[in-house]
Every structure is written in structure tokens, then in C-alpha cells.
1. Output the residues belonging to the stretch A:450-505 that are under 23 Å from A:Asp415 (Cα atoms), part of a loop (DSSP other than H, G, I, E, B) and at pLDDT 85 or above.
2. Across the stretch A:111-153, what is the number of residues that are surrounded by fewer than 18 Cβ atoms within 10 Å (Cβ to Cβ), aromatic (Phe, Trp, Tyr) and either touching a Leu at 6+ places or on another chain (Cβ under 6 Å) or part of a strand (DSSP E or B) (or both)?
3. If you take the residues of the stretch A:924-939 that are out of contact with any strand residue (DSSP E or B) (no Cβ under 7 Å at 6 or more places or on another chain) and either within 7 Å of RNA strand B (Cβ to nearest atom) or touching a residue at least 40 places away in the same chain (Cβ under 8 Å) (or both), which of them is least open to solvent (accessible area, probe 1.4 Å)?
4. Among A:Leu735, A:Leu709, which is in contact with a Gly (Cβ under 9 Å, 6 or more places away or on another chain) and not polar (S, T, N, Q)?
5. Could you please find all residues in the stretch A:748-761 being open to solvent by 30 Å² or more (accessible area, probe 1.4 Å) and more than 8 Å from RNA strand B (Cβ to nearest atom)?
6. Take the residues of the stretch A:304-334 that are in contact with a helix residue (DSSP H, G or I) (Cβ under 9 Å, 6 or more places away or on another chain), within 14 Å of RNA strand B (Cβ to nearest atom) and of a type in the set (Gly, Ala, Ser): which is least open to solvent (accessible area, probe 1.4 Å)?
7. If you take just the helices (runs of 4 or more DSSP H) that sit entirely in the stretch A:264-303, which of them hold at least 3 residues that are at pLDDT 65 or above and more than 8 Å from RNA strand B (Cβ to nearest atom)?
8. So which of A:Ala89, A:Ala117 ends up being of a type in the set (A, V, I, L, M), in contact with an Asp or Glu (Cβ under 6 Å, 6 or more places away or on another chain) and touching a residue at least 24 places away in the same chain (Cβ under 8 Å)?
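The values are calculated or read from the model by the stated rules, or taken from the named source; none is laboratory data. Because the structure is a prediction, the values reported are computed rather than measured. Here the Cβ positions follow ideal geometry from the backbone for every residue, glycine too, while neighbour counts run over all protein chains shown. Accessible surface is based on the protein model in full, side chains and every heavy atom, while ligands, DNA and RNA are left aside. Shrake-Rupley method; radii C 1.70, N 1.55, O 1.52, S 1.80 Å.
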Amino acid sequence: MDRHYNHQKIEQKWRDVWEKNKLSTADLSSKDKYYCLDMFPYPSGDGLHVGHWRGYVMSDFYARYQMLLGKTVLHPMGFDAFGLPAENAAIKHKSHPKKFTDNAIESFTKQLNQLGACFDWSKRVVTSDPEYYRWTQWLFLQFFKHGMAEKRKSLVNWCPNDQTVLANEQVVNGCCDRCGAKVTKKELSQWYLKTSEYAQELIDGLEQVKWPERVKSLQRNWIGKSVGVELAFKIKDSASEIPVFTTRIDTIFGVTAIVLAPEHQLAKELVVPERSDGFQEYLQTVSAKTNVDRAQAKESEKTAYETGSFAIHPLTNKEIPIYVADYVLLEYGTGAVMCVPAHDERDYQFAITHKLPIKPVIEPETGEVLDNEEFRESIIAIVEDPTTGKFLTLNWGKELGGRLFIGGGRDNNEDAEITARREIAEETGYTDLELIGQTGTLHHHYRAYSKGVNRIIDVTGLHFRLKSKKQDPTKLEDNEIDKFKIEWLTKSEVERLIVDESHILSFHFLVNKQIYTDKGRLTDSGSYSGLSSDEASEKITNDLEKKKLGKAVTTYRLRDWLVSRQRYWGAPIPIVYDPQGQPHPVKDEHLPLRLPEDVDFLPGGESPIARSAEYKERAETLYGKGWYFDTDTLDTFVDSSWYFLRYLSPTDEKQAFDKKTVNDWLPVDLYIGGIEHATLHLLYARFVTRFLAKHGYIDAKITEPFMQLYNIGMVNLHGSKMSKSKGNVVSPDPLIEHYGTDALRGYELFMGPMEIDVEWNPRGISGIHRFLIRLYKLVEKVSDSAKPSDELNNYLASIEPMIAEFRLNTVVAEAMKLINNWEKFETISRGDFQKFIITLSPIYPFLAEELWEKSFSSNYPGSVFAASWPKATTIERLKTIKVLINQKFIATVELTANDEESAVSAALQDPQVEKTLLNRPIIKRIYKPGEVLNLIVSG
RNA sequence: GGGCGAGUGGCGGAACGGUAUACGCGGCGGACUUAAAAUCCGCUGCCGAAAGGCUUGUGGGUUCAAGUCCCACCUCGCCCACCA
């Protein structure tokens, strides 16, 4: 027997044993289940680096932990094997993507097996296998059958480099998320799955799952719900109407233009004949811009074209000019907006470039509405010194409201400017002023503490420029001027130091020329004037609905899922067209609809499959002359949207999945993978699951596929993500060779919190290695005569919540702490040691298995993984409390009884306490049972 | 512009409102060795010779007690972004 830890020997020994007795094959008929799922990898051929390991080690930890708790654990692995890289590699090396994929899977499998993880390979799925994609095709046809798959002609995202269309989710900042090429628009007839019909359910479902808030909010944002009103603007001298969507119906009296997206179908007919030439030109400049240009255009560059037509305001019957402008997007809402320049930033920018009137209809309302408010009118005077650019403020001190501009009440109908000039003179003596700006009314609720009343004030802000620094001391009001200090502040000081809402708002209006986009109180809005934004919105919506001019609607940003791809290496879309071009589902007996072999893979704007003679012939043989298959393939996200169901019956030839087994095993208990799938895969998988539940393919209760999601952080080297192209990949191989698989597993968990990105420290792993060496030696201290120790029990009690909260870095640390203690012992109880080994086995399976075996002098019961997880026992102990004197830690003392009196008397017997107290009287004592005794003494 | 998150030693990071800096890396000193590596032992937040004092981005507040709770600010990171 080895005296020293030889990881290579130990790991090889147990690999061989486990190979013979497979513990990882899950019996799916078992009831007490735990489904532990990794996001299955794309077999890229680049291989696994230490960053990939992290997630797999973590999922393996929980799979093994749950086994020890007695659960039947399913921990499968498979390959997301369709996709562009294999196809591109095949083009480059003049081979077949299948060959490339098979090779990659083989080497990936080898590398995954190095992990020593308990993957259940008997459940393996490979999405590019015909036995798998046969059922992906079946799934698509179920959507088709229920009217949820539809072929539509529309403007789609087109990647000119990959020569294929992309789903909205695959366009990142206007670029292809794979190759980074700028995405263009192209009109094509394509298959869609109607994700948008589930928009609301997909939002609601997020309530049921234990996912990181971050991911939930990412999904909510992506779905992009907004509640508003759709209303129709009649067109002057025309039967047509323009429907617009707004979330701010309360601003309707501020509409000064209607703006359509350039591609809007009504745009053309609205352009009056004499302006049509210019319109064509405008359209061309717009279409020359890619979406990126449009999105990144500066606000001042808002281009627009006036149609020459007019709309009729539904409530005022006034005429409003109609424009087209590319800041309005065809895809969102109705593709047309009502332009309210006074209260919308974009509309404002548009209005100033095109000299449109700006009509304010919302007055700011700040502060909380209070009881018994006393009404006053007042002013805020902002005085600017043009020679320094600084602003005049009065510092009243903390008690009286801090720093403010000059303010003051306004007597009955006194002109605001006169009030302001009087106040300025009284407080500061300045009289030589020029008024350069004035706000509308601003409503402010506040408590005037000095007067003891609640107030609602109507404030007017005025902006003065100092013409000269001449001060007239005779105007100063003597009883006031001692209470404050005059301070001239710079713009940024003002923004930092002035906190009063009404003052800072006035400043933003007058000096920063900001417009007001928040809710407030209506003005100049007919019979709605005076109402709050919320009250008015409700009333206006009701009135419009009564007059049949509009209706409350909810729109979503989520688009339908475009699933057609013009590439080879994917599941063929199982649709056959008759000679008239009508789509029909490929018959069940013809599934899988296999990929044709007689093709090159060169992309050319249409699918490579379209060039297959065999494919054309196959369709005619099966369906008759003139019939032909769809030549596109399905987005690979369709493949991965249901693989977690196939794991449950991977070889079933009769059905995609077994309904009963799915009902038993879903939802997945723990799903581990990177954050990068927050809006793509996770949304699609949720959508597909919902569809299957709704239509009875699985139990209607199973609406969410993944109960708990955990996003594993990346491992970086030199500050950036590991990638082969950057050449900063850390391979596990030399680490395994030198330190062992167990050490690497432990270090993966120890690096830091699991959800955080961490920088790879090449030396860090040696700490775990030393721990394992010391642990290996510890078995020699095991003895039957040693008593169970508190140390083990404390350890067990502390790791339990850590495991529940996924804080595995601290679980690793707790074990180190325990052996640091145990090393000081002469002997260690056999039972304690064995319990400890059980808890280590999910992290260090090889060494745990070895030490488990070694720890038995006789009656070795077999694998540690058949053991059960040790629970901490509660032990009655004397309470240890901390004693503090004047908030400073002095000593810990043991109590005989857990009450304040015995705590105090125990404390007083402590020599350190006595020394610190020096007989000073105790003024106050704070006692928290089991925690702390704080004695407050004088001096 | 909007949303979310984070600021703790030389580094990765610990800390139910109760001795801040656990655990590990690195560093320093020592043992073993002809020597190095590996391993083992001791020390290691900062200032100070020591006594002692100071310390969780900054400034306020609540509390007997704040890294932790509240307010404001600064810095960094991520995501979304002309979404009406």
C-alpha cells in the first residue's frame, strides 16, 4: 500500500472499477427523481478547456450529492451537433460535415470522460443523428398541424457572410452573432413558429421558476411588453386612417405631427404627387442604411420627409402634418407614431430639426400628495453669472433645507418676474438682471416644517443673467440675510448639491434645456386639463373606446421565431409542396426526411440542398410529378429546444418522447450553463414546452421545463474569455497529469463563487493538491477508540446551507479548515472520518473512493457512492458568548445557563474583563442570547 | 439614454447586524537535500521599535453595535438600446 498520495494510480484504479459497475445509469421508473442537466455542448473540435470544466464539475457535484441523499438521479450528456462550424469546416477541408462532427464527438467524449463525472451515457442524444432529427421534424409538424408554424413573406435579417437568414435573437447590435458581419434586410418567404402568441404566458411563467433575477429580467425585456392605446388618425380628404400606438395617451393634446416608418404601406399613397420624386430619393437613402446605421444615428441626424398630407386630430379636429422618418420602426407597434415633441426625447429632436411646433401638455408634479394642503404660488429664481458660468445659491444649512436657489411666495396675481426680482434684491442685493428663460407651472407637494403645514405650490422657474455685479444694500432684508450663506456653484456642483426636486427640475429645464418626459398634471388638454397623467390616461382611453376611435392594447417586442435556414447541416424542413406550391406535411412514414448526400455545401443564397438532384427525385417518387420538398433546414435552436425530453427515451423508435416518463421527470430540477443562452435557447425551450403542454403532448401542468437555472461564470485568462483563436486556452491535460483529476475538480469549485467570472491562476491548484496530500495521510490517524468530535459536526452543519445556496467555494474551504484542525489530533474517530469522506466524494470522487476503502479495517461495504449523506446532529453545548466593553471585543466566555444574569456574572469572572473594567460602573448592558454581551461603561 | 450587478490585504476571495480579512495563492524565515523541485513547520492587512492606533470606494444617517440596513455621490463591469 502506498504511503504517499499517488493520484495517477488511484484515479486509474477507480476508473476501471466504475467502468465495470456502472452506477450512473438512471432507472427512470423510480419515483424519487432528480434531473440534473447540463447545457449540452456543440462538439467544436477545439476541445474542452478548464473553463468548460467548471459547469460540468458543478453539475456532477449536485448529481452525486443528490444520489447520496437517496434520489434517483438523471445526469445525461449529449451533443448539439448540427450547425454552421461543421459545415464551414467541411467546405474548407473538402470533406463532409458528418465526418467532421463524428470526429469532434469522439474526441469530446474522451475529454468529457476525463472529468470523472457520473454522466449517464446510455441516455446520450446527438441532434444530427437521423434517429433524433426524425423527431425534430415531427415536432415541427406538430406546430404546423396546430397552425403555429406558418410560411410568410417578409423582410428578414440576412447575413451576407453566412448566406442565411437569422432570427431576431441572433442579431446582436445589428451584426450576425456568429460571424459578426453586418446584417442586412432581405424579403424572403420563410417559415415562422408563432412565439409571439405565447408572449404573455412566457412572461407569467417566469414567476414559477427559481432562476437568477438577471436572466428573468433579460427575458422580460426581450419579450418587451408595453401597455398602451392604439388609435386611428383620419386622413384629410381620404377614406384611409393611420393607426398609431402610444403608451402615453395622456399627451394626446400635444401631438404636432404624425410620423410613419418609411416602409409603411400607407406612406406611398400619403405623399402628395408633387412631392413624390423627393420621396423616392428619401426611400433610397433610408434603404442604403443598414439597421446598425439607423440604430446608431445621432439624435441630431433624425432624417424625415414631409408627405404633404394631413391627419385630423381625433379630439381637437385640428390638422396635423404627416411625415415619414426612419426613427420610426415598421416592426414595432403599428409602424406609426403620434409625435409629441414636448414630452418625448426623440419626437423633440425630430421637431427641432424640422421646425415643428412644440406644445407642452404635461406639467411636472413633484413630491407626495399630502393631507390638508395649503395652496400657494411661488417662484424659483436661477441667477447665472455669465463671467464665471456659476449659479447663485443660498445655503440655509441642514435644518432649513440645505442649498437652494432663491425662492419665494408670490402674492395674488403678482407677476412672476416682479416677484423674482424683488426676492433676489431682498436676499442678495443684485438688481441689474436680464430674464432669459421661464418655465411653465410646476406643481410641488411638500411639508413646510418651519411653518408646520403641508403645501401644494405652483412654481414658476425663472432664469436670470447677471448684467453687472452691482448690489444695492438698501434693498436687503435684514432679518433674513443672517440665516443663509450665498454660494456661487458650478453646474456640476448644482447638480450634485441641490436636492430639492422642484429646484433641480427647474434647473434642468432652464439651463440644461431638458424636456419633461415623466408623468405629471395635464394642461391645455381640453376637459382633461388638471387631471393627473394616470387619471387622464384612463379617461381618455375610455372616451376613445366609446367613440370607437381607439382601444387599449398590449404590444410585445417579441417577434415570431424564424426557423428556416439556407444551409445544409441541419434538419430538413419536413414540408413538401404540391405542383401549385401549396405546402403539405411530409408523411409520417417518410420521416426522417434525410439530408441528401449529393451536394456540395457551398452557400449561395439558397440552400445547398436545392441543388440536389436526388432530393428532387425523391419528392417526385414519393408524392408524384411536380411535387418538391422545402430545401431549407431548421434553425439548430429547434434541435436544442426539446433535447431534454429526448434524454428520457433516447432510443424510442415509436415516439419523440414517452409522455408518462416526461410527466414524471419534468421539470428539470437543476439546469447548469452559461448566461449566453439567456434569451435564445432558454426562451425557445420554454416556448416549445408550453406548446407541448397546451396541446396535450405532455401534462398540462408542466409549463416550465427548467425549475432551477444556474449560470456558471466564465474562466478568463489575461482578462478575456478563453478561445483558441486568441491562444489563451488552458488545457486540463497537464494539470490532470501533474495534480490529478480530483485536484482540478476541487480547484474549479474553489476559484470563486460559481456565478462569477474568474481569472485563471496557474498556481492556485497547488493549494488543493496539498490539501489532498494531507487528507491522504490523515487516514493513518483513524482509530476505533477515538470519540466523535464537534469539529465534524460543525463542519456538517455549516456546509449544508452552503450547498443549498450553490456556494461551493466555501464548501471546499470548510473541508480544509476541518483537516487543519484534525491534523492536530492524535487520533480521529473512524465514523467521523468516513462521514467526512462521504461529503468529499462529490468533489473528489477518486480519492474519496480510495480513502473510503482504506478507512475500513474490515467489512468494506463497497463504493462510497452507495453510502448516504451524513446529517449534522444537534449537540447540547455550553453557550459561548463574546463579551464586549464599550463596543470593543474583550473575551469569549462559557455560560452555564443561557440568560442575561449568568452571562454578566460569567463575564465579570473573566480576568481580561476585570482588567478592562477597572471597577467602573456598568451604565448599560446589551445581551443577545448565544451571541454577545456588550457592557457600556463610562470613561 | 434605460436596466441590473459589483467595489474588502500583494492576488482569488470569507464573513445569520455582533472579534473584518476565514480558506487558498503569493511572499518571508526555517527543516529535509550536495543542490534544486516536491514536501513539511512558522510568520504574513496597514502604520509603529513597542504600547497602541488605523482599515471593507467617498460622504452622511439609523443602531449599544454597520463590510452588511437607509440616503447621496464616485468608479468599474454586464445587458438592452431611436420600442413610441
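1. A:Lys467, A:Asp472
2. Count: 0.
3. Filtering first and then ranking leaves A:Pro929.
4. A:Leu709
5. Once the filter is applied, which keeps residues that are open to solvent by 30 Å² or more (accessible area, probe 1.4 Å) and more than 8 Å from RNA strand B (Cβ to nearest atom), the stretch A:748-761 yields only A:Glu755.
6. Of everything passing the filter in the stretch A:304-334, A:Ala325 is least open to solvent (accessible area, probe 1.4 Å).
7. Result: A:267-270, A:276-288.
8. So the residue among A:Ala89, A:Ala117 that is of a type in the set (A, V, I, L, M), in contact with an Asp or Glu (Cβ under 6 Å, 6 or more places away or on another chain) and touching a residue at least 24 places away in the same chain (Cβ under 8 Å) is A:Ala117.
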